[in-house]
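**Q** One structure coming up, written as structure tokens, with questions to follow.
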Amino acid sequence: MRFKSIMRLEARTLAPIVSLFLLIVGTALVVPGFLKLSIVDGHIYGSLIDILHRSTPTALIALGMAVVIGTKGIDLSVGAIIAICGAVTAVLTTSTELHPLIVLGCALLAGMACGLWNGTLVAVFGIQPIVATLILMVAGRGIAQMITGGQIVTFHSDFIDAIGNGFFMGLPARVVLAAVIVAITILVLRKTALGMFLEAVGGNSEASRLVGIDSKLLIIMVYVFSGFCAALAGVIIAADIRGADANNAGLWLELDAILAVVIAGASLSGGRIYLGLTIVGALIIQTLTTAILTSGLPAQYNLIVKASIILLVLLLQSKVTQNFIKARVQSFRRASDA
Amino acid sequence: MLNERYLPVIATLLVFILLYGYGMVEYKGFRDTLVFTNLLTDNAFLIVTAVGMSFVIISGGIDLSVGSMIAFVGVLLAYLITGLGIHPVYAAIIALCTATFFGMIMGVIIAYFEIQPFIVTLAGLFLFRGLAYMINLNSVPIDHELLVTLSEIYVPLPGRGGLTFIAMAMLALLAIGVVVAKRTRFGLNVYAVGGDVQSAALMGVPVKSTLVRIYALSGLYSGAAGVIFAIYTGSAYPLAAVGVELDAIAAVVIGGTLLTGGVGFVFGAFLGALIQGIIQTLIIFDGSLNSWWTKVAIGALLLMFILMQKAIVHFTRRYSGKNPEPPEQPALEKVEST
Amino acid sequence: MTDVNQPPLLSIEHINKRFPGVRALNDVSLTFHAGEVHALLGENGAGKSTLIKVLTGIYTKDSGDMMLDGRNVHIRNSLDAQSNGIRTVYQEINLIPTMTVAENLTLLDQPRRFGMIRWRSAQSRAKEMLARVGLDIDPNSLLVSHSIAVQQMVAIARALGSKARLLILDEPTASLDSDEIARLFGLMRQLKEQGMAIIFVTHFLDQVYAISDTISVLRNGSHVGTFKTSNLSQTELVGHMLGKDLDMLQHDQRDVTEAEEKPVVLSLSQVGKTGMLKPVDLNLKQGEIVGLAGLLGSGRTELCELAYGSVRPDQGNKAWLGKLLPINTPKQAIEQGMAYCPEDRKHRGIIAELSVRENLILALQSSRGWWSRIPMAEQQAIVSEFIERLSIKTSDMEKPIGELSGGNQQKVILARWLVTNPTLLILDEPTRGIDVGAHHDILTIIRELCEEGMSLLVASSEVEEIVAFAHRVVVLRDRGKVSEIAGNQISQKSIIQAIAQ
């Protein structure tokens, strides 16, 4: 009996991991040298490292999104928050003498303030998450342009540059930073009862209320966290191009983040948070992109592939398909019993 | 007879009159009819998109794929006309049928697999943009004598203004939208589904087929917007109309349609889109303000209308015996499947 | 009133309907005559709503016949039912609140010309439909701008349509005040005169006697009997509904020692909420089980909610262990040592996606706060202990609770609160919808808890159950407390008589 439930657990968690593995193996067969790693000046290089490097912003945003979706919410404004925080970083670096750490702190605070705004609209005013975050999604890029004065502000800061493009113990610094954030998040959610409370609120808010869980505060916190993750991604993206592009920074990244959460197997109707698998989902998306680019297929396939994956996963997850499969399995069992 | 549901659209009208009145008082040039007819021409594709979006939002859904659809239809037109030498009229018909078909497919997935509209149309957003890239990567001109003829059609009005072909096409599509919403059974069913989907099913409204037709209609209207956009710009570009879905949603909401569904006016979307156009025009007339103020102002208007609607719902639902947010129940499924 | 020589308008014979694990309708046969108001009574789970759904085509019957005017008919969906003249008005008004009265009345059947709706003639048709139920309201007004009673009348107007013959009113009076009810009854009498057959589902006995000609009682999916209203006393009726034959209930009193000298744990003085529950006084002593008896809709659940604080009372005071305290939220209640298992297990109890372990530990964890997580080893120890103590049947503790049977879900929810070692446990219908074995287990647990000194407030529609464990019984009726029976006075008979007064 126990074995059976372990099997069930494994089948669900294994699917994204196996997909990632197959994807990497498949690409390696098509693209020679895909798996090759080399060490130059004490830094590791290679396609796999490149995938980790490029997927960092998506993974960070997906991390926040996974928690938000777990509480039955959604955050459409992360792309706009990326633009705002990139703008804050660039403008503070170029026009003030502030220490880069303080600049980073300001950018993160800006992101968290955006999250506080979203969370307040959702939890206090009771506006549906998709509507509440839409407001910032529309206005956010305007705010970012307001900060940058409409220009692409280029900047130079050794510290910010190190976050975006530097190395730490041979690995890209931003990958290490993101890994640390992911690890802390997993620790906080799983080693405190926070994760359970969030899943309870997402799964059944009324039952959670009756056991005395204060869902309002939790929901606000969740959006603040999503804002924090987006802010960090915004700083990394700004560091990447050494500038802030209010129009294009983080464009459509919210969609990639939602896709990563869906690939991880979480239901959009809330109740479960899979952080590790969400990161796997983000890696799958980036591996696909890299695979398409390096295998010589036109880049435009990327969007179509992403769309197909979303549809496929959703159709498989949908109640209608699940019921159909269940009915099939039952009739198969009955047939084999007889 | 005036009742609560007219309040938001009255507010919209007030905002429109105030902004336009401000422009007329402040700038002499604003008083010419040219400003108004330019508004009609420049925002024609947005208004047409917003008319289709109105049906979706009134039914309680959302369509994020419209911007990509506009780009896809444009590129498809260019390919059919310039690439294959098909007459523009036939090309437009083919493009519109394709757009309607894609909309219908999304509707089928939403209605029969019971997947949330926003994620299905999100996949559509990726897919259509990807398809547009597949056809053509660059911006290409659409050359045909018919387009030249169309651009010369001009019905002069008093003052310097006049109605262009696309402005008239837009007005015709708007009129059709208004009539369909208010004078056909389909239109009323859309309101019923958005007002209370379970009651609608119990009253005998064919919920699923209505949903399919709604998304097909939105596909048709965004396809038509694509044709208009192609005539307007005289070219096709796969990256065209990025973010138009947000502008269209904003137009619908500022036009007084409730994002939770059931309440709204197609004509309101026209006003909502024009308000966005006026803000842009005012900023151009002002000269000292920058374009990003448009986004921020639209975001602020969006917030204002969402909060106002929340308040109206709060005060009108007080008489209703129903819980404003009833727990999810599978009632629909049962009613429908028998 | 009914012409015996005419075939009945609708008769159903030997109707059966099963759901997985439940026999919802068991060989039910009933006849409905034109010009008759036929009351359909029964407690929750008796099969009333299943029967109505079979009649209206929402469910398909497993077996049995339906005869309309003596002819066999098959009703496969709600359109079939409508075309056969069977119309339904539900308790929850199933109209579109955001549309106007006229739009609601004519939806799907608007008069058209060239595919265009002709609103002027739609409005005059709406006016006619409203006139038929005696309403004079503006058809262009929004539905939500009217009171519930008017909305209900509009729903009836829509149901009557053009060729309604059998009108089913499913608890139409639940949210109406007495004037509005009088108005509705006036309409029902008028329709009856016109030869309409009306099936009236309600749980207000006064109303049954005020309006109905015939009463049919269902219990546990079976037809208990059909009676002429004038020949049936209220006490007999309640006995039928609760499955008790009063003559057989002479000597079922038991010896109860009253816990007189024990301290009062929770005391409610004039606690109530407008439109929900009339002010109630109630004292709960340590180690005492107080039963809440009453028919469906009498205010049992409402009293539990107000006592716990999951609904904030708008009048009265609560005292906890003699001290006046504001207990208005679940959090405050839990801090004092209260616990509450709600009636609606699926929507308010379990969190289906979470595991048995998480569901079981949730209340304790919530009282400790999010920071001090109960270590996994301790969680597993607690959970295994309670799985064993309440004999919860699950393959393992990490299974999602949604996959367990109802009885085992209920035990997990009970365990969720027992883990917190509450001073007062409020149970609303703890044995609803669970199998016999689990039923027995839960009653045993209730008694054991009481012996350990816990106070319990238990609402139940099973009078037998209440008699079996309660030290004191509070009887509710029409959303208010009507009497309190204590000690040796507690018997099924005394409770039923108090309910039926």
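Since every read-out is calculated from the coordinates, none of them should be taken as a lab result. Just so we're clear, the structure is a prediction, and the values are computed from it rather than from any experiment. When we count neighbours, we look across all protein chains shown, and the Cβ atoms used for this are built from the backbone with ideal geometry, even at glycine.
**Q** Based on the Kirkwood radius over alpha-carbon pairs, what is the Stokes-Einstein translational diffusion coefficient of region A:1-138 at 20 °C with 1.002 mPa s viscosity, in µm²/s?
**A** So the translational diffusion coefficient is about 114 µm²/s.
**Q** By what distance, in whole Å, do the Cα atoms of region C:342-421 stretch along each of the three principal axes, largest value first?
**A** 31, 23, 23
**Q** Turning to a different aspect of this structure: Could you calculate, for chain C, the ratio of the Cα radius of gyration to the Kirkwood radius, expressed as Rg to Rh?
**A** That ratio is 1.01, to two decimals.
**Q** Next question, about the same structure. At R0 = 51 Å, how high is the FRET efficiency between C:Asp314 and A:Val31 if r is their beta carbon distance? Nearest 0.05 is fine.
**A** 0.15
**Q** So, R0 is 56 Å and r is the distance between the beta-carbons of A:Arg328 and C:Trp371; what FRET efficiency does that work out to, to 0.05?
**A** Calculated value: 0.75.
**Q** Given 0.36 nm per residue, what is the gain on full extension from A:Asp50 to A:Glu206 after removing their alpha carbon distance, in nm?
**A** Working it through step by step, the gained length comes to 51.7 nm.
**Q** Follow-up. Arranged by the count of other C-beta atoms within 10 angstrom, fewest first, what order do B:Phe55, C:Phe32 take?
**A** Placing the least packed residue first, the sequence is C:Phe32, B:Phe55.
**Q** Within 10 Å of each residue's Cβ, count the other Cβ atoms and sort B:Tyr154, C:Tyr308 from fewest upward.
**A** B:Tyr154, C:Tyr308
**Q** Calculate the spin-label point distance for C:Asp179 paired with A:Met169, positioning each point 7 Å from the Cα along the beta-carbon direction, and give it in nanometres.
**A** So the two model labels end up 7.8 nm from each other.
**Q** Output the Kirkwood hydrodynamic radius of the protein assembly as shown, Cα pairs only, in Å rounded to one decimal.
**A** Computed over Cα pairs of the protein assembly as shown, the Kirkwood hydrodynamic radius comes out at 33.1 Å.
**Q** Also, I was wondering about something else. On the first, second and third principal axes, largest extent first, how far apart are the outermost C-alpha atoms of region C:10-248 in Å?
**A** Reported extents, whole Å, longest axis first: 65, 38, 32.
**Q** Ordered by packing density, taken as the mean number of other Cβ atoms within 10 Å over each peptide's residues, highest first, how do C:132-145, A:291-304 rank?
**A** By packing density, highest mean first, the sequence is C:132-145, A:291-304.
**Q** Using a 7 Å offset from the Cα along the Cα-to-Cβ direction at both C:Ser147 and A:Thr192, what is the distance between the two label points in nm, to one decimal?
**A** Here the modelled spin labels are 5.1 nm apart.
**Q** Calculate the translational D of chain A in whole µm² s⁻¹ from Stokes-Einstein, where the hydrodynamic radius comes from the Kirkwood formula applied to all Cα pairs, the temperature is 25 °C and the viscosity 0.890 mPa s.
**A** Roughly 116 µm²/s, to the nearest whole number.
**Q** With Kirkwood's inverse mean 1/r over C-alpha pairs for Rh, give me the Rg to Rh ratio of chain B, two decimals please.
**A** A ratio of 0.98.
**Q** Highest first, please rank the peptides C:183-189, B:303-309, C:51-57 by the mean number of other Cβ atoms sitting within 10 Å of their residues.
**A** Going by the mean number of other Cβ atoms within 10 Å, highest first, we get C:51-57, B:303-309, C:183-189.
**Q** Still on this structure: From Cα pairs below 8 angstrom and at least 6 apart in sequence, can you work out the relative contact order of chain A, rounded to a whole percent?
**A** It rounds to 31 percent for chain A.
**Q** Taking amide H positions as placed in the peptide plane 1.01 Å from N, state which residues far from C:Ile199 in sequence (5 or more) or on other chains have amide H under 5 Å from it.
**A** HN-HN under 5 Å from C:Ile199: C:His38, C:Leu167, C:Ile168, C:Leu169.
**Q** Another question about this same structure. Would you mind giving the mean number of other chain beta-carbons within 10 Å of the Cβ of each residue in C:387-400, as a whole number?
**A** Rounded to a whole number, the mean comes out at 2.
**Q** When you look at the Cβ of every residue in A:125-138, what mean number of other chain Cβ atoms sits within 10 Å?
**A** 6
**Q** Now, a different point. Pick out the long, greasy-scoring helices in chain A: whole DSSP H runs spanning 30 Å or more along their own axis by Cα, mean Kyte-Doolittle at least 0.0.
**A** A:2-30, A:47-70, A:100-123, A:215-241
**Q** Turning to a different aspect of this structure: Find out how many positive minus negative residues lie around B:Gly107, taking Lys and Arg as positive, Asp and Glu as negative, among other residues whose Cβ is under 11 Å from that of B:Gly107.
**A** Computed value for this residue: +1.
**Q** Distance in nm between label sites at C:Thr235 and B:Ile93, each 7 Å beyond Cα in the beta-carbon direction?
**A** 8.4 nm
**Q** What is the mean number of Cβ atoms from other protein chains located within 10 Å of the Cβ atom of each residue in peptide A:245-252, rounded to a whole number?
**A** So the per-residue partner count for this stretch is 2.
**Q** May I pose another question? Once you charge only the Cβ atoms, +1 for Lys and Arg and -1 for Asp and Glu, what is the size of the charge dipole of region C:342-421 about its Cα centre, to the nearest 20 debye?
**A** Here the size comes out at about 160 debye.
**Q** Taking the Cβ-Cβ separation of C:Glu128 and C:Thr274 as r and a Förster radius of 35 Å, what is the calculated FRET efficiency to the nearest 0.05?
**A** 0.40
**Q** So, by mean Cβ neighbours within 10 angstrom, what's the order for B:74-82, C:12-20 with the highest one leading?
**A** B:74-82, C:12-20
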